[in-house]
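The values are calculated or read from the model by the stated rules, or taken from the named source; none is laboratory data. Just so we're clear, the structure is a prediction, and the values are computed from it rather than from any experiment. Backbone-built Cβ (ideal geometry, glycine too); neighbour counts: all protein chains shown.
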Amino acid sequence: MEKILVIDDSKVTQMLVRDILVGSYELTFREDGRSGIVAAKKALPDLILLDVRLPGMDGFAVCRELKSSAATRDIPVIFITTMDAESERVKGFDAGAEDYVVKPFFPNELLSRVKVHLASRQASRQAVELERLNVFRELAVALNHEINNPLTTIYAYIHMLQKEYGQSTDKVPHALQGLQQEVGRIRDITQRLAKATDAARTSYSKDVTMIDLHAT
């Protein structure tokens, strides 16, 4: 279940948000900016609903601090406030917020905005993971090529030595056989590495593509 942190000192707003989102999301509530920042860095929620007017530290300062931290900068922030002036909205976006909801809000409006930003974050995460997979694939292909070249040469030398010393009664044939087995094990590893680059892709709705690394 996705986690949402609500930083708002209004009991009424907390009640409304709980009624709208409870059951679909794991909710945590904080009533001031500093404790909200601590909770965000500790729990790393998937989304933050943030009031602008907070005791002590206002929501703009809270948002700026969250966006300046590597641990929390990618968490989407939606401001919830009674202030609907353009200057307030600009300040909110300048602070790094992704969206802005004005009180009193409609339940479906809040729910829709929450869903949109959670879906957007999930898509961003998938894009990052796909990029990491692509880097792995490129590295695996390069390693497979670099390892197979000397392996081929080693196999050739082993074959030559077996022809030369194959009838010897000393330990050379046994050593060559052991060497060949170990080289074969290395080749098996490179083959599995090559197969790992053929990750299976499964397409789902909304153009989402899942990567299955086990389908090799």
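Does the stretch 85-102 include one or more residues that are in a strand (DSSP E or B), in contact with a Ser or Thr (Cβ under 9 Å, 6 or more places away or on another chain), surrounded by fewer than 18 Cβ atoms within 10 Å (Cβ to Cβ) and not basic (K, R)?
Checking the stretch 85-102: at least one residue is in a strand (DSSP E or B), in contact with a Ser or Thr (Cβ under 9 Å, 6 or more places away or on another chain), surrounded by fewer than 18 Cβ atoms within 10 Å (Cβ to Cβ) and not basic (K, R).
Here T72 meets each of (1) part of a helix (DSSP H, G or I); (2) of a type in the set (V, I, T); (3) touching a helix residue (DSSP H, G or I) at 6+ places or on another chain (Cβ under 8 Å) with one exception, condition (1). If A123 satisfies every condition in (1) farther than 17 Å from D8 by Cα; (2) without any contact (Cβ under 8 Å) to a residue 24 or more places away in the chain; (3) among the hydrophobic types (A, V, I, L, M, F, W, C) but one, which is the exception? For A123, the exception is condition (2). Taking the criterion of being of a type in the set (A, V, I, L, M), surrounded by 12 or more Cβ atoms within 10 Å (Cβ to Cβ), closer than 18 Å to T82 by Cα and at pLDDT 75 or above, would at least one residue in the stretch 115-126 satisfy it? Among the residues of the stretch 115-126, not one is of a type in the set (A, V, I, L, M), surrounded by 12 or more Cβ atoms within 10 Å (Cβ to Cβ), closer than 18 Å to T82 by Cα and at pLDDT 75 or above, which makes the answer no. Looking at the stretch 35-46, can you tell me whether even one residue there is in a helix (DSSP H, G or I), over 29 Å from A123 (Cβ atoms) and modelled with pLDDT of 95 or more? Within the stretch 35-46, one or more residues are in a helix (DSSP H, G or I), over 29 Å from A123 (Cβ atoms) and modelled with pLDDT of 95 or more.
Of all residues in the stretch 9-63, those that are within 21 Å of T82 (Cβ to Cβ), basic (K, R) and touching a Ser or Thr at 6+ places or on another chain (Cβ under 9 Å) total 1. Suppose we keep only residues that are touching a helix residue (DSSP H, G or I) at 6+ places or on another chain (Cβ under 9 Å) and of a type in the set (V, I, T) within the stretch 32-69. Which one would you say is nearest to L111 (Cα to Cα)? Per the stated criteria, the residue is I48. Every listed requirement among (1) of a type in the set (A, V, I, L, M, F, W, C); (2) closer than 19 Å to H117 by Cβ; (3) touching a residue at least 12 places away in the same chain (Cβ under 8 Å) is met by F93 save one, (3). Is it the case, given these coordinates, that R53 is basic (K, R) and more than 22 Å from V12 (Cα to Cα)? So R53 does not fit the description; no.
Among the candidates I80, I158, the residue that is of a type in the set (A, V, I, L, M), in the same structural domain as L27 (by TED's automatic domain parsing) and at pLDDT 75 or above is uniquely I80.
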